[in-house]
Amino acid sequence: MNSCLRAQGGATATHRARFPALWSLLLTGLVLALAPGAQASPAPVPSPTPSKSAEGAPFGVQAGLYGLTTLTGGHFGYALKAGARIEDSAVIYNKSDEARTFQVYGADVTNAAGGGLAPAQEGQKMAAVGAWLKLDSEATVTVRPKSSAKVRFSLAVPAGTPPGSYLGSLVTALRTPAVSGGVNTETRIARLVELTVPGTADLQVSLTELEHRPAGGGEEFTVTVRNTGNVLYTFSGTLNITGGSSARTVPLTPAGIYVIPGGSATITGRLTDLPDLGRRAVTASVTATVPGGTAKTVDSNTVRLSYFPWLIATLIVGGFLALGLLLFITRKRRRAWLRRRAEERTALRALRRELRAGNPSADDPHEAQAGGAEHP
């Protein structure tokens with residue numbers, strides 16, 4: 001059996017081969033388990049399904065020990081102590097009818113913005129596995145038609161590296177030159193490099209403040225999950241709603257994604273069927289699970305919502321105010337009318353008293369007639 005795997009510095013090494021089907025990076029099948037208080041060791045990784053786009057790729061990459069290991073999965077997996085070094089290889093297959101030139105490099109793996117994992121781009125500053133993985137030859141490899149080439153590399157873990165899970169990838173890229181002013185294209189195949197530095201596992205989960213905003217006739221809630229420990233885990237979350245007739249839960253999405261140590265992922269949930277009147281208390285609950293290991297559940301802050309039919313209340317209050325104003329104006333006018341009527345009655349009674357006393361007013365027309373010249 002031809003083996004190109006050599007462990008140095010007393011390190012243990014595990015090499016995971018993959019099936020020969022070609023596929024682009026699918027990192028959602030990552031699994032590493034570190035049992036708290038015990039020696040960390042890689043857990044079995046489920047074999048991902050090759051993507052259709054990768055099946056049509058003009059080249060393929062597989063582990064140098066393909067078929068010579070009992071481990072399943074499609075990635076390189078190692079358990080190395082801090083300060084240890086290991087050597088391994090990958091085989092690049094050129095399936096086309098012409099020579100191809102490939103760029104090969106090590107890259108860190110980070111959480112992608114939309115969820116999941118992705119390798120760093122070539123030329124970016126690498127901080128972990130991407131910086132520790134070194135090629136034994138040039139980064140540019142030319143492979144003849146219908147042929148293959150072996151690329152050797154080494155992985156050296158710096159002394160003093162803390163225990164935990166470290167993820168990187170060996171990336172093989174094929175660049176297609178632009179034709180007639182077109183756009184350059186690049187096809188990449190990344191083989192995950194799963195590194196476990198043995199030690200005490202530290203499963204730590206933290207959540208940001210639970211935020212909310214109106215959306216689609218309801219409330220949309222957002223919270224960010226942060227991996228502040230040293231183990232890779234997957235997580236799922238729910239919104240727990242209390243208040244009203246009964247408690248209920250709403251799932252947070254996406255679910256089942258991985259978060260690397262030092263990474264984060266944002267999840268959302270939408271609360272609909274809100275009441276017109278009442279109160280609700282909403283809390284996000286997230287459970288992080290190390291596959292094959294332990295689990296931990298953390299809760300966010302509680303957001304309290306109050307619902308009141310403000311439009312109906314405003315219309316009712318406005319109606320009462322308009323009615324009150326109308327009554328006020330009507331009452332004021334009635335009082336003025338009553339005052340005028342009282343003054344008129346008073347003046348009429350005074351006039352009648354004068355008439356009965358035989359002393360009509362000077363401006364009375366009867367007085368003017370009586371006081372005039374005598375008729376002949």
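The values are calculated or read from the model by the stated rules, or taken from the named source; none is laboratory data. Being a predicted model, the structure only gives us computed values, none of them experimental. Methodologically, a virtual Cβ is constructed for each residue, glycine included, from the backbone with ideal geometry; neighbour enumeration extends over all protein chains shown. Accessible surface areas use protein heavy atoms only, side chains included; no ligands, DNA or RNA. Shrake-Rupley method; radii C 1.70, N 1.55, O 1.52, S 1.80 Å.
If you plug the beta carbon distance of I312 and S206 into 1/(1 + (r/R0)^6) with R0 = 35 Å, you get a FRET efficiency near 0.25. For the range 150-309, what does the alpha-carbon gyration tensor say about shape, rounded, prolate or oblate, given a ≥ b ≥ c as the root eigenvalues, a/c under 1.5 as rounded, and a/b over b/c as prolate? Because a/c hits 1.5 or more and a/b fails to exceed b/c, the range 150-309 counts as oblate. For L305 and T101, the FRET efficiency from 1/(1 + (r/R0)^6), where r spans their Cβ atoms and R0 equals 45 Å, is about 0.15.
Here is the list for the range 138-247: trypsin sites (Lys or Arg not before Pro) lying in DSSP coil, each with at most 11 other C-beta atoms within 10 angstrom of its C-beta, are K146. Between K332 and T228, the modelled label-to-label distance comes to 6.5 nm, taking each label 7 Å out from Cα in the direction of the beta carbon. Converting phi to 3J(HN,Hα) with the Karplus coefficients 6.51, -1.76 and 1.60 and the offset θ = phi - 60°, the range 221-230 yields 10, 9, 8, 10, 9, 10, 8, 9, x, 10 Hz in sequence order, with x at every glycine or proline. In plain terms, the chain from Q124 to D273 could stretch by 49.0 nm, reckoned as 0.36 nm per residue minus the Cα-Cα distance.
You can think of it this way: the chain between E354 and A215 has 41.7 nm of extra reach, that is 0.36 nm per residue less the Cα-Cα gap. Per residue, the solvent-accessible area of the range 176-319 (1.4 Å probe, heavy atoms of protein chains only, all protein chains present) comes to 50 Å². With 0.36 nm allotted per residue and the present C-alpha distance subtracted, the A255-T297 stretch has 13.7 nm of extension available. Rolling a 1.4 angstrom probe over the protein heavy atoms with all chains in place gives the range 106-173 an accessible area of 46 Å² per residue. Ranked by the mean number of other Cβ atoms within 10 Å per residue, highest first, peptides 218-225, 153-160 order as 218-225, 153-160.
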